[in-house]
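Notes follow once the structure below has been shown.
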Amino acid sequence: MTAAVAVDLGKTGCRAVLWTGGNGPAGPVREVPGAPGLAADNGVEAARAAVLAAVLPLLEEHAPGRLSAVCVGAAGAATAPDAARALAGLLLADLPADEVAVTSDAVTAHAGALGGRTGVVLAIGTGSVAIGIGEDGSYARVDGWGPWLGDEGSGAWIGAAGLRAALRAHDGRGPDTTLLAAAARRFGDPDTLPAALANGGNPARTAASFAPEVARAAEAGDGVAGVIVRDAATALGEAVLAAAARITGDELPVTVTGGLTGLGEPLMAPLRAALDGTARPLRPRSPLGDPLDGARLLALDASVPHEPHVVRVRRTTPPPPVPTAPVIPPAVV
């Protein structure tokens, strides 16, 4: 029996799924809190803890025996390749797998969304990045620079812009906006908002949690929120166009994936408009799969165009026994 584990490790959540029997159906998805990113301080250990918290209960429950491969798509892997290799080595020591592969969560999102084929995938969640892979193997990564230097149009970007607008209204420096009341409902007294962002341990994730409030305010007609969401769509559209310009292909399929798509038409309608009428034909399409599908594909197939961006570590000694799962089991979704 061929068994493989796919992991989608983001800054907000970490999802894992076990496949047995090659192309058979996946088992249940187990989700736990995510990690700050491999490039963050203590990022490797935080990622390792999140992956094990998601994976070990699956192994304990389903007892697949030896795993042929584990593939982790991890936030921050693209900018921290040494950390990606370190994580792969640690997980190989932790898990009964013949091989562990680690790559960027944007790469697994691309592989899943386009079934391992070429094109552009815009992955938007707490962060944002556009990945393009062309017919000749050309590769482009646009943005994904984190909340301080980039991730324009992302959940953290929208949420932070909404909170800044709320504080400007609170100070009397900016126009009135319903975002002030929304921020007060969610975080309490506006004067304590900076502390509220810091207290969660992941300010980007906390800011991103406010993005749905901004989208709802925009949909309800709040002018300040509307500008924020439209600016986000413009920035995301620019990332897609920049990625498309750097890869080959006559008509490029383009798809958008990630949790931020859940904001719906307030964001997606202006994003589609930003991609219409370009000189180079782009073919918007629905994703074929999600990042877990991409991680599974990369776990079992090293021949896809994504392979140069995957770190693989293969076992040369007998695998360890399956460790005990965490005391507090993660939720099953």
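No value in this document is a laboratory result; all are computed from the given coordinates. Please read all numbers here as calculations on a predicted model, not as lab measurements. Every residue, glycine as well, gets a Cβ built from its backbone with ideal geometry; the counts of neighbours run over all protein chains shown.
In segment 212-251, which residues have a backbone nitrogen under 13 Å from the label point lying 7 Å from Arg164's Cα in the Cα-to-Cβ direction? Residues passing the 13 Å test: 228-229, 231-232. Using the Cβ-Cβ distance between Ala242 and Arg285 with R0 = 22 Å, the FRET efficiency computed as 1/(1 + (r/R0)^6) comes to roughly 0.70.
Charged side chains reduced to their Cβ positions (Lys and Arg at +1, Asp and Glu at -1) give the chain a dipole of some 200 debye around its Cα centre. For the chain, the antiparallel share of DSSP beta bridges with both residues in that region comes to about 60%.
The base-10 log of I(q)/I(0) for the chain, evaluated at q = 0.07, 0.08 Å⁻¹, reads -0.29, -0.38 [Debye formula, identical scatterers on Cα atoms, solvent excluded].
Computed from the Cα positions only, the extents of segment 125-258 along the three principal axes stand at 54, 33, 22 Å, in decreasing order. Tell me, in nm to one decimal, what length is gained between Thr261 and Val227 on full extension, where the rule is 0.36 nm per residue of separation less the Cα-Cα distance? Difference between extended and current length: 10.5 nm.
Cβ neighbours within 10 Å, averaged per peptide: list 38-48, 233-243 in order, most packed at the top.
Ranking the peptides 38-48, 233-243 by packing returns 233-243, 38-48.
Given their separation in residues at 0.36 nm each and the Cα-Cα distance between them, Asp276 and Asn199 gain 23.6 nm when the chain is fully extended. Farthest towards the positive end of the charge dipole of the chain, among the residues Ala63, Ser138, Leu90, is the Cα of Ala63, using unit charges on the Cβ of Lys, Arg, Asp and Glu.
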